[in-house]
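A quick write-up on the structure given underneath.
The values are calculated or read from the model by the stated rules, or taken from the named source; none is laboratory data. Just so we're clear, the structure is a prediction, and the values are computed from it rather than from any experiment. Cβ sites come from the backbone with ideal geometry, for glycine too, and all protein chains shown count toward neighbours. Only protein heavy atoms, including side chains, enter the accessible area calculation; ligands, DNA and RNA are left aside. Shrake-Rupley method; radii C 1.70, N 1.55, O 1.52, S 1.80 Å.
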Amino acid sequence: MQVTIIGTGYVGLVSGICFSEFGFEVTCVDLDADKIDALNSGVLPIYEPGLDRLMEQNRQRLTFTTDFDSAVAQADVVFVAVGTPSRRGDGEADLQYVHAAAKQIARSIKPETVIVLKSTVVVGTNAEVQRIIEAERPGVPFSLASNPEFLREGSAIEDFMRPDRVVVGVRDKRAESVLQQIYRPLYLRDAPIVVTTPENAELIKYAANAFLAMKITFINEVADLCEQTGGNVQEVAKAIGLDNRIGGKFLHAGPGFGGSCFPKDTRAFAATGRKYGAAQNLIESVVSVNEARKKAMAQKILAELGDTPRGKTVGILGLAFKPNTDDMREAPSLAVIPVLEAAGVDVKAHDPQAMGEAKSFLPNTQFCDSAEDAITDVDVAVIMTEWNVYRALDMQTVKKLMRGDVVIDLRNIYPVDAVEDAGLTYVSVGRSRTK
Ligand code: UGA
């Protein structure tokens, strides 16, 4: 079976490379010639653990090209994995790339091709794309399915290979049987395949992301209450998570969620609710509470710098929105660092992978080669992203390197006494201070 993937962003690349690992011949298409040249010389445009090795191992089954029409013409299945960014102003998902891909696909498909929407698209998009293709190529038989992706950056390969479920939204048996064949290797590993309508598949993707974002926002607000009442959010989260109806995952309090998915998908879900007169009030709140939280983290840091932050220095450990990625999209660090700098604070920062990405967003920040460099002579050190390299810092050394003595841990990766015993003041999230 010939598989073609349109779009070599996160989802497109991970899916394409993983399908080639299943044994399929895969062609990945992108309009960006530089990206395709880099991929052809073995260079990935993103950092994702293990993906370079998997690409190398399956090189003979992978083609990277800018030749859209030939890649689509030869395909039995075409996956659409182009971006659906937030539209400025109203937060709705911008579907222009999906619509453009649909028109171009329509021009080149051979009869009986199965087209699959993998991009995150709002309910009703599948039906709209069906109309676009029918209008472009009247009389040519094709099937259109929706197959949302649930992988997480940083653990994308594992999530793809061992998913909790695969969702396929189909209108006909042909699309169902082709998708069953594609995902057969997972079926043999007992991954449940949920076969449903395209509309349900579209709703499932947004509802899943919105629910997870809501869970994080909930525990973040509980963390605020813990701070005011002498509580400990980690103990609260652990105990409520032991109730199977709640579940322990996605209950880590932090600086607010970021990334390429939760912020834009919650905005789009809320906008869809408004559009159809079915208000998603919970998710509207999640969007605004999370935005406010990221900004509040800057105030939390400024509060530790006293009355005159100007001229003080803060060291930031971690810039990416989460560990194991170089993705800076909607990262909490981007809501925090410019506010500190505007208050006259000098910011030094380190991240194991994201500094290249971060530089264009943070022109006034000093980037450091190591965590130690980033905290040398600083008044306050901040753990912003929970990379493994920051999990076992020797606090005695931290104390010696710093000018001040305040460590702010926005990810709660240290036991309170482990930091305080080194003579440092430890400020974390949702855990009351002992000093
Ligand atoms: C998320 C979903 O988890 C995936 O299932 C989905 O496929 C993906 O979006 C998508 O729609 O493409 P991702 O954005 O890669 O994946 O990362 P997550 O691990 O979900 O983290 C998102 C944000 O929430 C990060 O900023 C993270 O630090 C934060 N988070 C996560 C918390 O603050 N607390 C938690 O307990 C979990």
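Tabulated data
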quantity: Rounded to the nearest 20 debye, dipole of the chain from Cβ charges on Lys, Arg, Asp, Glu; calculated: 860
quantity: For the range 92-135: accessible area per residue (Å², 1.4 Å); calculated: 37
quantity: Of 35/348; 295/322; 264/348, those spanning more than 20 Å from alpha-carbon to alpha-carbon; calculated: 35/348; 264/348
quantity: Mean Cα-pair separation over length for the chain, i.e. relative contact order, pairs under 8 Å, 6 or more apart, %; calculated: 12
quantity: About the Cα centre, charge dipole magnitude for the range 224-427 (Lys/Arg +1, Asp/Glu -1 at Cβ), debye; calculated: 820
quantity: The range 144-240: relative contact order in percent, alpha carbon pairs under 8 Å with at least 6 residues between; calculated: 26
quantity: Positive-pole candidate from 383, 393, 418, dipole of the range 224-427, charges at beta carbon; calculated: 383
quantity: Rg ratio (alpha-carbon, reference 2.2 N^0.38 Å) - the range 224-427; calculated: 1.07
quantity: MRE, 222 nm, helices only [DSSP H, n ≥ 4, -39500 (n - 2.57), over the chain, to nearest 500]; calculated: -13000 deg cm²/dmol
quantity: Whole-percent carbon and sulfur share, accessible surface of the chain, 1.4 Å; calculated: 51
quantity: Per-selection Rg to Rh, the range 1-151 - Cα, Kirkwood hydrodynamic radius; calculated: 0.96
quantity: Proximal charge balance of residue 406 [Cβ under 10 Å; K/R count +1, D/E count -1]; calculated: -3
quantity: Between the range 98-115 and the range 226-254, the alpha-carbon center distance in angstrom; calculated: 47
quantity: Kirkwood hydrodynamic radius (C-alpha pairs) into Stokes-Einstein, the chain, 37 °C and 0.692 mPa s, D in µm²/s; calculated: 141
quantity: Residue order for 99, 350 - accessible surface, 1.4 angstrom probe, largest first; calculated: 99, 350
quantity: Helix axis angle, 198-229 relative to the chain longest principal axis, alpha carbon, degrees; calculated: 10
quantity: Size-normalised alpha-carbon gyration radius of the range 359-435, reference 2.2 N^0.38 Å; calculated: 1.10
quantity: Cut-off 19 Å (backbone N to label point 7 Å along Cα→Cβ of residue 225), residues of the range 243-258; calculated: 243-256
quantity: Sequence of 56, 291, 134 when ordered by accessible area, the most exposed leading, probe 1.4 angstrom; calculated: 56, 134, 291
